[in-house]
Amino acid sequence: MKTLKPTLVLAALACVVRPSLGAAEPAPEPAPKSDPQIEPQSGDPLGEIIVEATRDESGRIWLPPLLVRPIDSTRAEVIALHAVVSRDLELSGIFEVDASLGEVPEDDMRPRVTIDVQIEGDKPPRLKARVERGRGDKRISREVVIEGTSVRDRGASHRLSDRVLGELTGRDGAFAGRLALVRRPAGSDPRLYVADPDGRDLKVISPASQVVVATAFFPGGPLYYTASTNNGSIQLYTEGELDPISVTPRGSIYGLSFGPKGRVALAIARGPRIEVWTGKKLGALERLRESNLDMHPVLAADGRVAFAGETRGSTRIFVGDRAVTPPRASSPTWCDHPKGLRLVWIERSEKSSWVWSRVLGQPAEQLLGVRGKIAAASCSPDGRVLVFSYDGRGLEGPGVYLGNVDVLRPRQVLREPARALHWGTRALDTKPSL
């Protein structure tokens, strides 16, 4: 059986972002039209976000203001917590964050988050945030408290950010999760890395003997990835384990995704073809359709599978066996957004890229177009933030970016591009049965 080398099929991902205002970069080509429709699905997740972005006649995006202040700007631990929380809130893309250390007038009715660290003897430190909002001529407040292991506990700091977002919007954030990314360090084959969603604490976790191809988190659980050793077949691994996981049918695995109730979707190469296989167990998978090149499968919260499939010499995004985009589309990802499930994908020409989004049952919307390319995209577990890899001279230069799905306004969190990305929650103590 002929085995495809992992270095031959690593370019099926691309995506871009609405550029920051005033960015000096060549304009992208006119965006292609995106006409096909996805039928509405009953049981879409709902949840009202109480803050909305608006636009003026020039197209400028206006976000609701939010003040973030430390209760005491002389204590190092409070300043450190303030820095983490304010950065997370900025990266969420929901607010125009003012995180300066200046005094706030008493009559300033803008929403306000006040950060504090409480230390009492030998007890674990308590990371606190008071969330205040105006209601008429009064201010109402709620307090969020997270217990940390130390005064510089970054994990606890991110959990505090997530709860603050929950208080402000009705849905917690996902900054206490992890980013998994595949990147190629200088002089080395592609390796698997993990980092906090704000780009801090980046570290490699795959052995140097492996060429890593794809990665995905199990929902609420561990991290999986596919890799080749000694130019052999691309097999499935879990973080921290050296032995591969058995998969039937056998073949090189170029893409993977996990969904609800233990469902899995894999892009498996068997001979000259790469096809998507799905199921509830790795030993009992069923082929989605007969094809030549189906890549990048992603499972939605309702169990549907989207993937990039070859048709008539180009690639389109399919949902099940139905094409839902024009040609030149790749890198699909589902966003379980508070306002309903939506599909996000990338369309590319030789020099430009566009990000498209579709709320189920509505026309597609172009989120952004720029010169350059994006090789990966994934949505945050809370469904509101897109993480993607950009390689070009626009934005802030090559790297990994976060952008809110509704308004994007991307922010760079890592300075080098990635070949694959996924945003997951922190692992549970027990592993799922695959």
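Overview of results
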| item | result |
| --- | --- |
| Gain in span if fully extended, E350 to I140, counting 0.36 nm per residue against the direct Cα distance | 70.3 nm |
| Spherically averaged projected area of segment 354-409 from its Cα convex hull (nm²) | 3.9 |
| Solvent exposure, largest accessible area first (probe 1.4 Å, DNA, RNA and ligands not counted), of I119, I245 | I119, I245 |
| Heavy-atom accessible surface of segment 277-363: percent carbon and sulfur, 1.4 Å | 44 |
| Gyration tensor verdict on segment 64-192 (Cα atoms; rounded if a/c is under 1.5, prolate if a/b is larger than b/c, oblate otherwise) | prolate |
| Magnitude of the charge dipole, segment 81-173, Cβ model with Lys/Arg +1 and Asp/Glu -1, debye to 20 | 300 |
| Debye, to nearest 20: dipole size of segment 281-408, +1 on Lys, Arg Cβ, -1 on Asp, Glu Cβ | 220 |
| Virtual spin-label span in nm between A301 and S314, 7 Å along Cα→Cβ | 3.2 |
| Segment 154-208, dipole about Cα centre (Lys/Arg Cβ +1, Asp/Glu Cβ -1), debye to the nearest 20 | 180 |
| Cα gyration tensor category, rounded, prolate or oblate, for segment 289-434 with a/c compared to 1.5 | rounded |
| Accessible area (Å², per residue) of segment 263-385, counting only protein heavy atoms and a probe of 1.4 Å | 34 |
| Accessible area of segment 79-188 divided out per residue, in Å², using a probe of 1.4 angstrom | 48 |
| Packing-based ranking, highest mean first, of 383-390, 172-179 given that Cβ atoms within 10 Å are counted | 383-390, 172-179 |
| Which of K373, K203 is most accessible, then next, and so on - probe 1.4 Å | K203, K373 |
| Trypsin sites (Lys or Arg not before Pro) within segment 261-322, DSSP loop, no more than 15 other Cβ atoms inside 10 Å | K280, K281, R289, R312 |
| Aspartates and glutamates whose Cα lies under 15 Å from that of K203, excluding same-chain neighbours fewer than 8 positions away | E239, E416 |
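The values are calculated or read from the model by the stated rules, or taken from the named source; none is laboratory data. Treat the numbers as computed from the prediction; the structure is a model and nothing was measured. Quick reminder, even Gly has a Cβ in these numbers, built from the backbone with ideal geometry, and neighbours come from all protein chains shown. Heavy atoms of the whole protein, side chains included, go into the accessibility calculation; ligands, DNA and RNA do not. Shrake-Rupley method; radii C 1.70, N 1.55, O 1.52, S 1.80 Å.
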